[in-house]
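For reference, the structure discussed in these notes is given below.
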Amino acid sequence: MEFLLSSVSGSVSKFGGFVILCVFLLSCSTFTSTEAYDALDPNGNITIKWDIINWNPDGYVAVVTMYNFQQYRHIQAPGWTLGWTWAKKEVIWNMMGGQTTEQGDCSKYKGNIPHCCKKDPTVVDLLPGTPYNQQIQNCCKGGVVNSWAQDPANAVSSFQLSVGAAGTTNKTVRVPKNFTLKAPGPGYTCGPAKIGKPTKIVSADKRRTTQVMMTWNVTCTYSQFLAQKTPTCCVSLSSFYNDTIVSCPTCACGCQNNGTEPGSCIHPNTPHLASVVNTAGKPNDKPMIQCTSHMCPIRVHWHVKLNYKEYWRVKITITNFNYAMNYTQWNLVVQHPNFDNLTQLFSFKYKSLTPYDGLNDTAMLWGVKFYNDFLSEAGPYGNVQSELLFQKDTSTFTFDKGWAFPRRIYFNGDNCVMPPPDAYPWLPNASSRQIVSLLRMAITILASLVYLLANA
């Protein structure tokens, strides 16, 4: 009987271990498949359309268009880089609106030399000011692409290429493989190219519609974890009803080195700071972040400023601690339940984001053009700020338990590190209750120790 029980116990133990292993593997696979999902922009992606507009004797001419369907994540300077692998032995004869970074080995061609002969070409956008005879529509912005909600007219980028040795019909042409997108660093994962319905093009006078020969689509999604292993921004909090200023969590974006790597961050009082900063951009330079307890390039401060009878007021300040980075076309996404009653906004632009039907608690904020849409590098001008006026909803409004502070904040599409909820500034009466509770607990523990010592 004892042997039987031990056998059963061993079997159960093995089965339990197997179940735990299966759950672990399932959780890992689940995490991997959802790491690029953004709850505030569930349908956001970059879609690349490859449209063959006509056939050549040895290939075709195509227009490649990149649509940034992300609500608030944009591609900033130095811009996007697009790569792929040819399915056969294709070459690029010439390009407009873009160029490859390398030509490759074209030694077998004589006379007319292709623009690129690499098996895996890498394409970048042309710069502003490119001659008109080298441009096409939506090109030549240095690879900068704005977000869909902030500036839909500039959320598109295109280039044209003439491909040779590629097949001359829908049945002989082959779809490229292994698409990669850097914008400008890693972060995007592109799926396989899929043949879709041919794109229809409407003429300028809208009286004629033409259809391209063939279209395939590539979808690329963003993962903050792939883009950068550590966060890039953090949030600090304060309020008029509490003297406590809740700083960004310590080491939110990394920690200062303990002297083993001097220069990993820069102190504001460093002698000849300007000359140190001007050396940024070289291949092996140290990070140009100002030395702080949080070590984040960006800090967003939310201050509950005033309380009126029917309204309450918040001040938002965005500070840049990066000495080597200016942020153009920056944006902020804030989640708070009172955004459905936002009454007035000062010096920022606003757009309501509704990731879920019937839930208006997410707002996108950005700067006014030529006024504060440019967030300068770290220094005396490295900040922008605004104030928001909310109307109170008597059924939900309260200053108690941190309700007045945001649930989530994104800067340029990256999720910022929030302080822990128990650190939020509390109302004075709530703080008093906490102190009294702690005092009672201390007295109870002290009394218990005295009793134990007396009876030892």
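At least 1 residues that are over 22 Å from Gln70 (Cα atoms) in each: list the strands (runs of 3 or more DSSP E) lying fully within region 318-366 that qualify.
342-346
Tell me, which strands (runs of 3 or more DSSP E) lie completely within region 66-159 with 2 or more residues that are over 18 Å from Ile52 (Cβ atoms)?
Hits in region 66-159: 81-85, 98-100, 122-125.
Check region 222-231 and report whether any residue there is in contact (Cβ under 8 Å) with a residue 12 or more places away in the chain, assigned to a strand (DSSP E or B), closer than 30 Å to Tyr327 by Cα and not polar (S, T, N, Q).
yes
Among the candidates Trp93, Trp84, Trp80, which residue alone is open to solvent by less than 20 Å² (accessible area, probe 1.4 Å), modelled with pLDDT of 95 or more and more than 30 Å from Leu375 (Cβ to Cβ)?
Trp84
Which one of these does Ile113 not meet: (1) in contact (Cβ under 8 Å) with a residue 40 or more places away in the chain; (2) of a type in the set (Val, Ile, Thr); (3) over 21 Å from Gly187 (Cβ atoms)?
All conditions pass for Ile113, except number (1).
Being touching a strand residue (DSSP E or B) at 6+ places or on another chain (Cβ under 6 Å) and touching a residue at least 40 places away in the same chain (Cβ under 8 Å): is that true of Asn138 here?
Spelling it out, Asn138 is indeed touching a strand residue (DSSP E or B) at 6+ places or on another chain (Cβ under 6 Å) and touching a residue at least 40 places away in the same chain (Cβ under 8 Å).
How many residues does region 238-285 hold that are within 22 Å of Gln228 (Cα to Cα) and at pLDDT below 60?
8
For region 373-423, which positions are among the hydroxyl-bearing types (Ser, Thr, Tyr) and crowded, with 19+ Cβ neighbours inside 10 Å?
Those that are among the hydroxyl-bearing types (Ser, Thr, Tyr) and crowded, with 19+ Cβ neighbours inside 10 Å: Ser386, Tyr410.
For Cys251, indicate whether it is under 26 Å from the mean Cα position of the chain (by Cα), in contact (Cβ under 8 Å) with a residue 40 or more places away in the chain and surrounded by 18 or more Cβ atoms within 10 Å (Cβ to Cβ).
no
Which one is farthest from Val417 (Cα to Cα) among residues in region 238-253 that are part of a strand (DSSP E or B) and out of contact with any Ser or Thr (no Cβ under 9 Å at 6 or more places or on another chain)?
Asp243
The values are calculated or read from the model by the stated rules, or taken from the named source; none is laboratory data. A quick note: this is a predicted structure, and the numbers were derived from the prediction, not measured. Glycine gets a Cβ as well: all are built from the backbone with ideal geometry, and neighbour counts include every protein chain shown. Keep in mind that these areas ignore ligands, DNA and RNA; they rest on the heavy atoms of the full protein, side chains included. Shrake-Rupley method; radii C 1.70, N 1.55, O 1.52, S 1.80 Å.
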